[in-house]
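First up is the structure itself, then whatever we jot down about it.
Every number here is computed from the coordinates shown, using simple stated rules; none is lab data. If you're wondering where the values come from, they're calculated on a predicted model, not measured in any experiment. Counting neighbours? That spans all protein chains shown, and the Cβs are built from the backbone with ideal geometry, glycine included.
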Amino acid sequence: MTKAIRIKETGAADVLSWEEVDPGQPGENEVLVRQTAIGVNFIDIYHRIGLYPIAMPGGIGSEAAGVVEAVGPGVTGFAAGDKVAYAGPVGAYAEVRVVPAKVLLKLPEGVSDQVAAAVLLKGMTAEFLLHRCYAVKPGDTVLVHAAAGGVGLLMCQWLRHIGAVTIGTVSSAEKADLAKQNGCTHTINYKTEDVVKRVRELTNGAGVAVVYDSVGKDTWDISLDCLKPRGMMVSFGNTTGAVPPFSVGTLAAKGSLFVTRPVLGAYTATRAELEEVSSHLFQAIADGILTPKIQQVFPLKDAAEAHRQLESGKTVGSTILVP
Ligand SMILES: NC(=O)c1ccc[n+]([C@@H]2O[C@H](COP(=O)([O-])OP(=O)(O)OC[C@H]3O[C@@H](n4cnc5c(N)ncnc54)[C@H](OP(=O)(O)O)[C@@H]3O)[C@@H](O)[C@H]2O)c1
C-alpha cells in the first residue's frame, strides 16, 4: 500500500485527507510512477471547492514528477527508471500512481524533479498564453494580473526576454519587488491604487495591447478598461470566481475588443502539440530565459495547508509537495 491525498466532498481545505491507497498496476498504455515532487496549482482549489467538478471520492492534484516503476502493455518510449513529469490527469497528490503514457514527458538533463513539478503546468501555461494565444511582440505593452504568483512570475520572466513592457498587478510591496526582480517593468498595488488610472498613466493614455487576467470576476471590467482599441482580453482563470455572463455589445462600446477564454488542455491536445509546448518551455529553462524558483515546499501529507496558503494569497511563485 502507498499513501495519497483523497477527497470525498467539496469544501474548505480540511476536506483533503491523507489515506492509504492501492495505486494498482499499469494497464494498456499506462505507466506506474513513483512521484518525488508534486506541483500545487490554483486549479486544485477549483477542483476542491467544486468550481470545476471532479470524480469523488477520488484523488486531487494535476501535476507531478517522478520515476517510472513499471510500464503497461503497449507502452513505447518509457522504461523503468526514466525520470518523467506530467500535467493534467487529476490525482497527482500521491506517492505512487498510474498515469496514461500519452501525457508523460521525459525530463531533460538539467531539469530536476522539483523544478519540473514547480513549472511544468505553470510554464506550459505561460508558453501558450504568450506565444500562441496572443503572440506578444517586442515593444507590446502587456498587463499581467497576479504578477508575483506561480504563472505570473514565469510570464514576467518570459515577457522580459521577448522585450515587452510588462505592467503587473500585485497586493503588496514585497510582491511588487519580486515581480520587478523577475522582469516586470511596472507594478500596480491594486489594494492601494486605481489600476485603470495607473495603466492609462503608464501608457500615456493609450492602454495595453493585451491583458492576461487570471483573477476573473473581480477584475473583468477593470481589464477591459485597460485595453487599447482592438486589444485582446485573455481571461484564463477564476481566482476570485467565474466571470459572470456579459453582453458582447460591451466589446464594441469599449473599442472593438477581442476576448478569449483559453485552457492549457486545448493548446496541448495532441502529442505533437504537447511536445512542442513542453520542449519550448524546457529550452527556455536551458537558455536561462526562465529561472524557476520554488518558493514554498510542503510535505505531501500537508497538502491542506498548502491550499490554505495559496488560496489566501500568502504564496509567491511556485509551491510543491514532497512525499
Ligand atoms: N487557463 C489555463 O489553462 C490555466 C492554466 C494554469 C493556471 N491558470 C490560472 O492561472 C492563475 C494562477 O495560477 P497559479 O497556480 O499560478 O496561482 P497563483 O497566481 O500563484 O495564486 C493566485 C494569486 O492570485 C492573486 N489573487 C487575486 N485575488 C485573489 C483572491 N481573492 N484570492 C486569492 N488570490 C488572489 C494572489 O496574488 P496577489 O496577492 O498579488 O493578488 C494570488 O497569489 C489561476 O487563476 C489559475 O486558474 C489557468
**Q.** Options 155, 166, 104, ranked by Cα towards positive dipole end of the chain, top entry (Cβ charges)
**A.** 166
Q. Taking the Cα-to-Cβ direction at residue 52 and at residue 247 and moving 7 Å from each Cα, how far apart do the two end points lie in nm?
A. 3.2
Q. Fewest first, what order do 158, 18 take by the number of other Cβ atoms within 10 Å?
A. 18, 158
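Sorting check: for 98-105, 294-301, which peptide has the highest mean count of neighbouring beta carbons within 10 Å, and how do the rest follow?
Working: 98-105: 19.2, 294-301: 17.1.
In descending order of packing, they fall as 98-105, 294-301.
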Q) Given charges of +1 on the Cβ of Lys and Arg and -1 on the Cβ of Asp and Glu, with all other atoms neutral, how large is the dipole of the chain about its Cα centre, in debye to the nearest 20? A) 800
Q: Report the residues of region 30-61 in range of a label on residue 2: point 7 Å along Cα→C-beta, backbone N strictly under 18 Å from it.
A: 30-40, 58-61
Q: Give the residues of region 27-55 whose amide nitrogen is closer than 16 Å to a point set 7 Å from the Cα of residue 70 in the direction of its Cβ.
A: 27-35
Q: Could I have the simple spin-label model distance between residue 302 and residue 192, label points 7 Å from Cα toward Cβ, reported in nm to one decimal?
A: 3.1
Q. Taking springs between alpha-carbon atoms closer than 10 angstrom, which of 258, 246, 282 fluctuates most in the Gaussian network model of the chain?
A. 246
Q. When a footprinting reagent is the concern and you count Cβ atoms within 10 Å, what order do 133, 184 take, fewest first?
A. 133, 184
Q. What is the calculated FRET efficiency for residue 10 to residue 293, with r their C-beta to C-beta distance and R₀ = 45 Å, to the nearest 0.05?
A. 0.90
Q: Treat the count of other C-beta atoms within 10 Å as a stand-in for reagent exposure and order 30, 109 from fewest to most.
A: 109, 30
Q) With each pseudo-label sitting 7 Å past Cα toward Cβ, what's the residue 258-residue 174 distance in nm, one decimal? A) 3.9
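Ranking request for peptides 206-217, 73-84, 139-150: highest mean number of other beta-carbon atoms within 10 Å first, then the rest in descending order.
Numbers: 206-217: 23.0, 73-84: 13.5, 139-150: 25.8.
Ranked from most to least packed, the peptides come out as 139-150, 206-217, 73-84.
Starting from the alpha-carbon convex hull of region 71-207, give the projected area averaged over all orientations, in nm².
Numbers: hull surface 42.4 nm².
The orientation-averaged projected area of the Cα hull of region 71-207 comes to 10.6 nm².
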(Q) Counting only other residues whose beta carbon sits under 14 Å from that of residue 222, what net charge do I get with K and R as +1, D and E as -1? (A) 0
Q: Between 41, 238, 29, find the one with the highest GNM mean-square fluctuation for the chain; connect C-alpha pairs within less than 10 Å.
A: 29
Q) For the chain, what percent of Cα pairs sit more than 38 Å apart? A) 14
Q. What is the calculated FRET efficiency for residue 286 to residue 217, with r their C-beta to C-beta distance and R₀ = 22 Å, to the nearest 0.05?
A. 0.05
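Give, in nm to one decimal, the length gained when the segment between residue 28 and residue 269 is fully stretched (0.36 nm per residue of separation minus the Cα-Cα distance). Please report the intermediate quantities before stating the final value.
Working: separation 241, 0.36 × 241 = 86.76 nm, distance 2.01 nm.
That works out to 84.8 nm of additional length.
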Q. Mean shadow of region 1-130, computed from the convex hull of its alpha carbons, in nm²?
A. 8.1
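Just from its helices, what would the mean residue ellipticity at 222 nm be for the chain, if runs of 4 or more DSSP H residues each count -39500 (n - 2.57) and the sum is divided by every residue, rounded to the nearest 500 deg cm²/dmol? Working shown, then result.
Details: 10 runs with 95 residues, N = 323.
Helix contribution divided over all residues of the chain: -8500 deg cm²/dmol.
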Q.
Just to be sure I understand: of the beta bridges DSSP finds with both ends in the chain, what percent are antiparallel, rounded to 5?
A. 55
**Q.** the chain: most fluctuating residue of 114, 157, 309 per GNM, C-alpha cutoff 10 Å
**A.** 309
